[in-house]
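In what follows, a single structure is set out as structure tokens and then discussed.
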Amino acid sequence: MKTSNFPIFTQKDITSEAELISHKLMIKAGIVRQLTSGLYTWLPLGHRILEKIKMIIREEMNAIGSTEILMPLIQPAELWKESNRWEEYGPELLRINDRHKREFCFGPTFEEVITDLIRKEVSSYKQLPINLFQISTKFRDEIRPRFGVMRAREFIMKDSYSFHSSEQCLNETYKKYSSAYENIFKRLMLNYTIVEADSGNIGGNESHEFHVIADSGEDDLLLDESTQGMNVEIAKIKYGETDVQKIINENNLKHVKGIEVGHIFKLGDKYSSKMKAEITTKESEKINLLMGCYGIGVSRIVAAAIEQNNDEKGIIWPSSISPFDVALIEIDGHKDKLVRNFSAVVYQKMQDSNIDVIYDNRELKLGNKLNDWELMGIPKVLIIGPKETKNNIVTLKDRVKETKTELHVDNICDVILQR
RNA sequence: CGGGGUGUAGCGCAGCUUGGUAGCGCGGCUGGUUUGGGACCAGUAGGUCGUAGGUUCGAAUCCUAUCACCCCGACCA
């Protein structure tokens, strides 16, 4: 990719309205722009980050036998009335009418739609289990959107749904998702924890949340030495005590702040019973399907990752989700043909080795370019000027270690690929 | 919904108290000098001061209404 085809929207000054470091950096680095309250446009850089995260999620979903689908953003009211959530969900459910005055809503979650699909398509235990997921835009009309994409009204979420004929099968699948989620957050290189959670208005009887640990997190978590813990809602129920500080002291727990980036639920027959999603068992009995659902906040992960990985210069991407592996900076390439030609050769070499490289051929000074790519958090920067061109080398600068290394042109790809 | 704040050039802001030619920084464009960490000089373009009404000889400034955005509280991936 060349900057001539990949607009960079970095900016020096940002509005004082942004409070969180991740929100500030996402604006400065040109990842998102706000359209209006709770709604954001993802710029080219931001879109690439989202795609990297989605790819990791897809791979881990496929690895446990979950298959991708895509459901409509707009959902008919009838289904929500069946589950009783048309009333229960409240104003967070954004409702609209079509030209025939028929009622619809923007989907904040998809239990109704997927249950409707499965009840129509599945009638026998032989067709189970079924594991499906989608990565799509969700809409929740939040009371108060805030912190940029951290709490947006429109956001990108991966949601999975599983269907079973037995409790045992649901339990096994729930465990599979839990371990898949662990793999995902490990691959995202985030410091995370799993806690017991309250199932909220999604419902069901068991649930766990995945949190990225950050002081700016909105959730309060209580952890024990093994860092297996619970959120405060569960703690209050579990210990029969409303004074959180008392719970912490009496049970020797640690209090940390977390950003909820994943949530898995055992739904049981909550939706299948209300929506009459039945199957016939081996014994020719009709039973309600058992369900699980499993969410990951994709767009929120971008903000959470930045909360955990930044310095005074800007973002420092974990290598697995960096929008580019390396930025190639040419010094005054528009004035120096030799530099430009050599840069093009290096660029081509890296492309041939499938390295995600952004070639900065803008007419800017070296300092401008370096500052930009450091702000945007690219882990490695290659510099090519007259000196490098003359000696058939490049200078490699490491975002974190700040080291400068001269590499011969033949070794570039090997060193970059080593990570 | 209750409480607080902010809307002025592409971006970030000052001006408003005490009404009188609409400003600063960054960015843009032109020319020149620079050039290995956000260069300098000269010139230039760009604004119905959120919107509507009112007070006044005169309103960015005072009054009223309204809209938008942000912050604090009640809800949540």
Cβ-Cβ cut-off under 10 Å around A:Ala18, Lys and Arg +1, Asp and Glu -1: the net charge is 0
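Can you give me the relative contact order of segment A:326-418 as a percent, contacts being Cα pairs under 8 Å and 6 or more apart?
32
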For A:Lys236, the lysines lying under 16 Å Cα to Cα, once residues fewer than eight places off in the same chain are dropped, come out as A:Lys246, A:Lys254
Cα-based Rg then Dmax for segment A:21-311, in Å, read 19.5, 63
Within the set A:Trp317, A:Trp42, A:Trp373, GNM on chain A using Cα springs under 10 Å gives the largest fluctuation to A:Trp42
Chain A: relative contact order from alpha carbon pairs under 8 Å, six or more residues apart, as a whole percent, is 16
Counting only residues 5 or more apart in sequence or on a different chain, those whose built amide H sits under 5 Å from that of A:Arg151 are A:Arg146
Stokes-Einstein D for segment A:32-114 (20 °C, 1.002 mPa s, Kirkwood Rh from Cα pairs), in µm²/s, comes to 138
Net charge near A:Gly292 (other residues with Cβ under 13 Å of its Cβ; Lys, Arg +1; Asp, Glu -1) is -2
Counting only DSSP loop positions in segment A:317-413, the trypsin sites (Lys or Arg not before Pro) whose Cβ has at most 13 other Cβ atoms within 10 Å are A:Lys335, A:Lys365, A:Lys401
With Cα springs under 10 Å, the Gaussian network model of chain A assigns the largest mean-square fluctuation among A:Tyr239, A:Tyr89, A:Tyr294 to A:Tyr239
Any trypsin sites (Lys or Arg not before Pro) in segment A:83-146 that lie in a DSSP loop and have at most 16 other Cβ atoms within 10 Å would be A:Arg99, A:Lys101, A:Arg102
Amide H proximity to A:Leu328 below 5 Å, modelled H, separation 5+ or other chain, gives A:Ile358, A:Tyr359, A:Asp360, A:Leu382
Place a point 7 Å from the Cα of A:Val415 in the direction of its beta carbon; the residues of segment A:351-394 whose amide N falls under 17 Å from it are A:351, A:353, A:355-358, A:379-394
Correct response: the longest run of chain A lacking exposed GluC sites (Glu not before Pro), defined by DSSP loop and at most 12 other Cβ within 10 Å, is A:20-224
P(r) over all Cα-Cα pairs of segment A:252-378, 10 Å bins from 0 to the longest distance, whole percent per bin, short to long, reads 10, 22, 20, 15, 13, 11, 7, 2, 0
Note, segment A:310-320: 3J(HN,Hα) by Karplus (6.51, -1.76, 1.60, θ = phi - 60°), whole Hz, Gly/Pro = x, goes 8, 9, 5, 7, x, 7, 10, 5, x, 4, 6
Neighbours of A:Leu370 by Cβ distance under 10 Å: Lys/Arg at +1, Asp/Glu at -1, summed charge +1
Segment A:314-419, Kirkwood Rh and Cα Rg, ratio Rg/Rh at 0.93
Listed residues A:Gly258, A:Gly148, A:Gly333; largest mean-square fluctuation, Gaussian network over chain A with Cα springs below 10 Å, found at A:Gly333
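None of the figures in this text is laboratory data; all of them are computed from the coordinates on show. Just so you know, these numbers come straight off a predicted model, no measurement behind them. Glycine gets a Cβ as well: all are built from the backbone with ideal geometry, and neighbour counts include every protein chain shown.
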